[in-house]
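Comments concern the structure below.
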Number of protein chains: 2
Amino acid sequence: MQASLEQYIRDRIGADDAQLGEVMSHFSPLKTRRNQLLVREGDICRYCYFVVKGCVQVFVYDRNGDESTRDIVVENNWVSELFSFGNQVSARENIRVVEPGQLMAIGYDSFQKMVQTVPPFEQIYRQIVEQSYVNSVFRLNTFVSMDALERMQWLSEYQPKLLARLSSRLVASYLGISPETYSRLKARL
Amino acid sequence: MQASLEQYIRDRIGADDAQLGEVMSHFSPLKTRRNQLLVREGDICRYCYFVVKGCVQVFVYDRNGDESTRDIVVENNWVSELFSFGNQVSARENIRVVEPGQLMAIGYDSFQKMVQTVPPFEQIYRQIVEQSYVNSVFRLNTFVSMDALERMQWLSEYQPKLLARLSSRLVASYLGISPETYSRLKARL
DNA sequence: TGAAAACCTTGACAATTGTCAATGGTCAGC
DNA sequence: GCTGACCATTGACAATTGTCAAGGTTTTCA
């Protein structure tokens, strides 16, 4: 259940059992339904989530009201609208469950307390942000320097597992193209 | 000269003069020439830079060998190839001076030492990464959800100063479009 | 200052991508 | 298991964006 979060933390910090217990006590398990909305644009994001099992989508709406997917998060990763969560202001993105599964949620106050009082947790937080940043830099470079077909190839080379488990519609949205274009490019590989 | 870096640090941490002096002693001023290459793809990025004056471009090459600009950094901001700098591995991006000016550079060893031994510096580093991440999230959302014209409008709304000081060619590269397309869209506003 | 290089714009055309519509298939939830 | 909603694909066409070429301008730097 929560074992994978414990393992995640253990893998990253010298495991002090007391501290680990203290940290874990601030997380609540959360079973997710398909399509469950975790964060809605305009609301304040009150939790940071660790994905134990399942898959989650971070997206915005374009001018036509269609979804554009900024990120997709799978097992053993963190997801939140970090700007909204960190400053407790309105979120500019939506977060929704793609595959039902299991999350561990930590609220804002608990999170701040852990960052400030448990140094290893602060380090983990820094690693999360670093990792997220590095990922988004890679992704940005695909957008500034590649066309749709090249982005598809990039995805199938570097994230083949992701590609295999998501619907075509969602992959298209992640690539920033229409489902029809995605379908046609796929036929052209 | 280095006053703006001192001010930057003072603004963000309770200023302890001894610590501030210690931190500042690890930075070297660097006068930059136009087009000077700070980091080349494949090299290891050995410094993190604070921009005192001037403007710097972070870019990759596309399949045609044309530059695609991932980021543009101006005064009072930090720039580095963070993945390369943090792990001392090959850089995947290039960094080049757009406008000549003044930088403050800190090397890898100094940086690590500061992060580990000067808690306020560690906090500043976290803020840098957080800020960079939030910026790249906004930018990613413009790519997944907007066409070229909408991205132009977004830029002129949220970064009008940047738009005013850069060449058209560079702005086009930052928007991920050709100079010709940029020129035409501009005429259509 | 003068020559060379780079830049900006525009035209003509090609390639890419989006939109709308129709079809058949698949899947979630009752 | 049924059923209605959603999904994937394809065609036809429109809109967007890229490429190549040319011209006039500005900028660089020796």
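The values are calculated or read from the model by the stated rules, or taken from the named source; none is laboratory data. Note that the coordinates shown come from a computational prediction; the quantities given were computed from them, not determined experimentally. Reconstructed Cβ throughout: ideal geometry from the backbone, glycine too, with neighbour counts over all protein chains shown. Areas reflect the complete protein model, heavy atoms only, side chains present, ligands, DNA and RNA absent. Shrake-Rupley method; radii C 1.70, N 1.55, O 1.52, S 1.80 Å.
Need one number: buried accessible surface between chains B and A, 1.4 Å probe, both sides summed, DNA, RNA and ligands left out, in Å² to 100.
3100
I'd like the FRET efficiency for B:ASN87 and B:LYS53, computed as 1/(1 + (r/R0)^6) with the beta carbon distance as r and R0 of 35 Å, rounded to 0.05.
Plugging the Cβ-Cβ distance into 1/(1 + (r/R0)^6) gives 0.75.
Restricted to Cα positions, what overall size does the stretch A:102-189 have along the principal axes? Three whole-Å values, descending.
Cα extents, longest axis first: 54, 29, 19 Å.
Just check the protein assembly as shown against the gyration tensor rule for me: Cα atoms, a ≥ b ≥ c as the square roots of the eigenvalues, rounded for a/c under 1.5, and otherwise prolate or oblate depending on whether a/b exceeds b/c.
Oblate shape, in that a/c is at least 1.5 and b/c is the bigger or equal ratio.
Keeping all protein chains in place, calculate the accessible area per residue for the protein assembly as shown (probe 1.4 angstrom), answer in Å².
49
Span-like helices, chain A: DSSP H, alpha-carbon axial extent 18 Å or more, mean Kyte-Doolittle -0.5 or greater, which ones?
Length and hydropathy pass: A:119-145.
Given Cα pairs under 8 Å that are at least 6 residues apart, what percent is the relative contact order of chain B?
23 percent.
Shortest first, in nm, what separates the label point of A:MET24 from those of the same position in the other copies (7 Å along Cα→Cβ)?
4.8
Taking the C-alpha atoms of chain A, how large are the radius of gyration and the largest Cα-Cα span, Dmax, in Å?
Cα radius of gyration and Dmax of chain A are 17.5, 56 Å respectively.
Buried by at least 10 Å² relative to the chain on its own: which residues of the stretch A:128-142 qualify, computing accessible area with a 1.4 Å probe on protein heavy atoms?
For the stretch A:128-142, once contacts with the other chains are taken into account, A:VAL129, A:GLU130, A:SER132, A:TYR133, A:VAL134, A:SER136, A:VAL137, A:PHE138, A:ARG139, A:LEU140, A:ASN141 lose 10 Å² or more.
Could you pull the copy-to-copy label distances for B:LYS186, with points set 7 Å along Cα to Cβ, in nm to one decimal and sorted shortest first?
With the label placed 7 Å along Cα→Cβ, B:LYS186 yields 4.0 nm.
Setting aside same-chain residues fewer than 8 positions from B:LYS31, which lysines have a Cα under 20 Å from its Cα?
Qualifying lysines at Cα under 20 Å: B:LYS53.
Suppose only helical runs count, i.e. DSSP H with n ≥ 4. What mean residue ellipticity at 222 nm does that imply for the protein assembly as shown under -39500 (n - 2.57) per run, divided by all residues and rounded to the nearest 500 deg cm²/dmol?
The helix contribution divided over the protein assembly as shown gives -15000 deg cm²/dmol.
So how much slack lies between A:ALA18 and A:PHE138, counting 0.36 nm per residue of separation and subtracting their Cα-Cα distance, in nm?
Taking 0.36 nm per residue and subtracting the Cα distance, the gain is 39.5 nm.
What are the distances, in nm and sorted shortest first, from the label point of A:ARG92 to the label points of the same position in each other copy, with each label point placed 7 Å from Cα along the Cα-to-Cβ direction?
2.4
Describe numerically, in nm with one decimal, the distance between label points set 7 Å from Cα along Cα→Cβ at A:ASP43 and at B:THR181.
Once both label points are built, they end up 3.6 nm from each other.
As an exercise, identify the trypsin sites (Lys or Arg not before Pro) in the stretch A:45-93 lying in DSSP coil whose Cβ has no more than 10 other Cβ atoms within 10 Å.
Taking the stretch A:45-93 and a limit of 10 other Cβ atoms within 10 Å, the loop trypsin sites (Lys or Arg not before Pro) found are A:ARG63.
State the percentage of accessible surface on the stretch B:3-117 attributable to carbon and sulfur atoms; use a 1.4 Å probe and exclude ligands, DNA and RNA.
Percent of accessible area from carbon and sulfur atoms in the stretch B:3-117: 42.
Note every residue of the stretch A:56-82 with a reduction of at least 50 square angstrom in accessible area, all protein chains present versus the isolated chain, computed with a 1.4 Å probe, or write none.
Residues of the stretch A:56-82 that lose at least 50 Å² of accessible area once the other chains are added: A:ARG63, A:ARG70.
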